[in-house]
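Please treat every number below as a calculation from the coordinates, not as lab data. Note that the structure is predicted; figures quoted are calculated from it, not measured. No Cβ is skipped: glycine too gets one built from the backbone with ideal geometry, and neighbour counts run over all protein chains shown.
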Amino acid sequence: MDLVILNTESYSYQNSLKDSIFNSILNENISYLQNTKGGIFVLDNLSEEEIYFLECRANLSFDASYGSSMRYLKELEEEYLEQISEMPQEEQVPYIEDIKVVTPKLENLKYFNEYGGFSEDGKEYYIRVNKEEKLPTVWSHILANKEFGTLITESMGGYTWYKNSRLNRLTSWNNSPVTDVPSEIIYLQDKETKKVWSLGLNPCPDENDYYITYGFGYAKYMHTSKGLTQKLDIFVPINDSVKVQTLILENNELKKKKLKLIYYLKPVLGEDELKTNEYLNLEYYENSNLICMKNLAEEPEFSNYLFVSSSEKITSYTGSKEEFIGKGNLSSPDGIYQIELNKQNSLWQNGIIAIQCEVELEALESKKVIFVFGAGSTVLDCQDLAYQYTNYPKVYEEYEKTKRFWKEQTEKLQVTTPLESINILLNGWLIYQVLASRIWGKTGYYQSGGAFGFRDQLQDSIALKYINPEFTRNQIINHSKHQFIEGDVEHWWHEETKKGIRTRFSDDKLWLVYLVEDYIEFTSDYSLLEEIVPYLEGNILEPGVDEKYDFYQVSNVKESIFKHCKKAIEASLNFGENGLPKIGSGDWNDGFSEVGNHRKRRKCMAWIFPLYSLTKMDIYL
């Protein structure tokens, strides 16, 4: 944890309080912890906004002016105990682990770093965590196809989307590397002992280790607790909009086990959960063993349903977060201690989806339970997908098909260098990330964009020529359609809404030219130059306006890719008084944002980049 001490003493020559703070740190022999991660930070002269920000982020905050910190903590403890005193308590039976379960050995992995490492062939990455030994930051993994995907983390955090990873999130996106709050949780309860835990490290872990495996197109989680081994396989099929989770439960004891499973989701069905929260309407289709949800205030381009189903009978459900959480929290919700959930709708509520299933395991028996979560245009589509993917033979077939697809894509190019770490990355992982995350998902843990960037995805698609040049060709054609008649381009846009941002960025335009030249040099496919593509049309940016997000019409003007490239070069020939191309207002990979937004020449380092652009233009001219 980080300890932040805010010194609010007014500035004076003596600074007695500040000296006392630093002397206390020195006397405790912990000065080495100052200003380092997981250490102590002494701050002063902060604004009210900065103090408010720190208080919002803190797990615990108290004011020393109220008196003894020990007394303050005691009052917090008493307040907490009073809050939970009325929670329904079930008698818990002590459990003693009497069967030793074999767990994976990770120390011999390649590039093992105390948290995880690569498999022998470099095609999988293994991680081990527990409540005391967490990763230094979140390590995420993306499973996606062209329309649907999910981002997962080692703690089973992350989120899921349909068609657009920003504008149409199915579950909520949280990008806090400290808390990694999950929006999709599988809770388990041993009905005999009443013990409750989560399948992933968050939100209610036990004392045992959690093992995670990331592979191309899939992820695996393994955990053992209460004499029960839990193995979860997650994948997204190549062609269907579903997230399939196959949970294998193995009873390691010589007695029957009765389990309660609750699958919890915090739905969004839009861009912002705060805007959609009260408009999510839940419907239960008992004959189909299916929960469907629709946003009654959705944008027309995302008029779809979210659905949840299971291979086990859904015995109860709820759509109310208040009813499910009660006086508890995500780590200990009241709902899991109830006999059944209240079957309440989510409309006009703080909406969630929580479904409950019951499972019995005989001594030493194992059983598969499938949870399916996806999206469809109609209820009938949802019913069809749920029916298919709660059938294990179908799940197994699609799982193997998905792994074969990614194996074929990632093994088309194999590189051998003296450095094994480079070989591991080049021989699969980088290609996988480019296609799954950058081209299809257009998302990551820290940035959920959902948009194509004119420069960004053209850069990404350069790598795809090695596995399938058609990917690169299609990306060039698609991006050409987002060039304006005047020669400038949309810096980024959303395919689904047809809205994008027109800017004064100077480097975007020439990436089209670079990609066309690079593609032809690699494939000798000169027919690309003859492809006829329309331009966009719209109001030119007014003086003083650097960018404008709008819906831009497809014009009636169509020209070849060759002429699109020519127009891009001509639009870039915008020289300043020193004879160099103007840098414009682009971010230049975030290092030079707005450095040229006054459209004048710039001195010093800003010249480096126009020289680079001029060199490229000399080549094409």
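Observations on the model:
- Orientation-averaged projection of the stretch 35-76 equals 3.9 nm² [convex hull of Cα atoms, one quarter of hull surface area].
- Convex hull volume of the stretch 406-460 per residue (C-alpha atoms, cubic angstrom): 98 Å³
- The stretch 146-173 versus the stretch 43-79: alpha-carbon centroid distance in Å: 35 Å
- Measuring spread by the Cα atoms of the stretch 154-242 yields a radius of gyration and Dmax of 14.6, 44 Å.
- C-alpha long axis of helix 469-480 to longest principal axis of the chain, angle in °: 70 degrees
- Net charge of neighbours whose Cβ lies under 11 Å from the Cβ of residue 554, counting Lys and Arg as +1 and Asp and Glu as -1: +2
- Pairwise centroid distance, computed over Cα atoms, of the stretch 332-351 with the stretch 413-445, Å: 42 Å
- Quotient of C-alpha Rg and 2.2 N^0.38 Å, computed over the stretch 320-478: 1.47
- Degrees separating the helix 608-620 axis from the principal Cα axis of the chain, which is the longest one: 60 degrees
- Legend: distances between Cα atoms for 220/412; 226/367; 163/509; pairs beyond 22 Å are 220/412; 163/509.
- The chain: translational diffusion in µm²/s, Stokes-Einstein, Kirkwood Rh over Cα pairs, 20 °C, 1.002 mPa s: 77 µm²/s
- Overall form of the stretch 122-409 per C-alpha gyration tensor (a/c, 1.5; a/b vs b/c): rounded
- Spatially proximal aspartates and glutamates relative to residue 498 (Cα-Cα < 15 Å; intrachain offsets below 8 disregarded): 299, 301, 490, 537, 550
- Label-point separation in nm, residue 577 to residue 558, each point 7 Å along Cα→Cβ: 4.6 nm
- Each peptide in 334-344, 431-441 gets a packing score, the mean of other Cβ atoms within 10 Å over its residues, and the list from highest to lowest is 431-441, 334-344.
- Sequence ranges 449-458, 106-115, ranked by mean other-Cβ count within 10 angstrom, highest first: 449-458, 106-115
- Each principal axis of the Cα cloud of the stretch 189-228 was taken in turn, and the coordinate range along them, longest first, works out to 39, 17, 14 Å.
- Mean separation of Cα contacts under 8 Å (6+ apart) over length of the chain, as relative contact order %: 9 percent
- Each distinct pair of alpha carbons in the stretch 389-486 adds a 1/r term; the inverse of their mean, the Kirkwood radius, is 15.5 Å.
- Segment residue 540-residue 130, length gained on full extension (0.36 nm per residue, minus Cα span): 142.0 nm
- Every Cα-Cα pair in the stretch 208-279 was counted, and those over 18 Å apart are 59% of them.
- Computed over the stretch 456-522, Kirkwood Rh from alpha-carbon pairs, angstrom: 12.4 Å
- Per-residue ellipticity at 222 nm from helix content only, as computed over the chain with -39500 (n - 2.57) for each DSSP H run of at least four residues, stands at -7500 deg cm²/dmol.
- Of the residues 33, 333, 269, the one whose Cα sits farthest towards the positive end of the charge dipole of the chain is 269 (charges of +1 on Lys and Arg Cβ, -1 on Asp and Glu Cβ, taken about the Cα centre).
- Relative contact order (%) - the stretch 3-84, alpha-carbon pairs under 8 angstrom, separation at least six: 30 percent
- Euclidean distance of C-alpha centroids, the stretch 467-517 and the stretch 376-391, integer Å: 36 Å
- Distance (nanometres) between label positions extended 7 Å along Cα→Cβ at residue 340 and residue 79: 3.9 nm
- Fraction of antiparallel bridges per DSSP, the chain only, in percent to nearest 5: 95 percent
- Angle in degrees between helix 392-410 and the longest Cα principal axis of the chain, rounded to the nearest 10: 40 degrees
- Rg/Rg_ref, the stretch 3-84, where Rg_ref = 2.2 N^0.38 Å and atoms are Cα: 1.26
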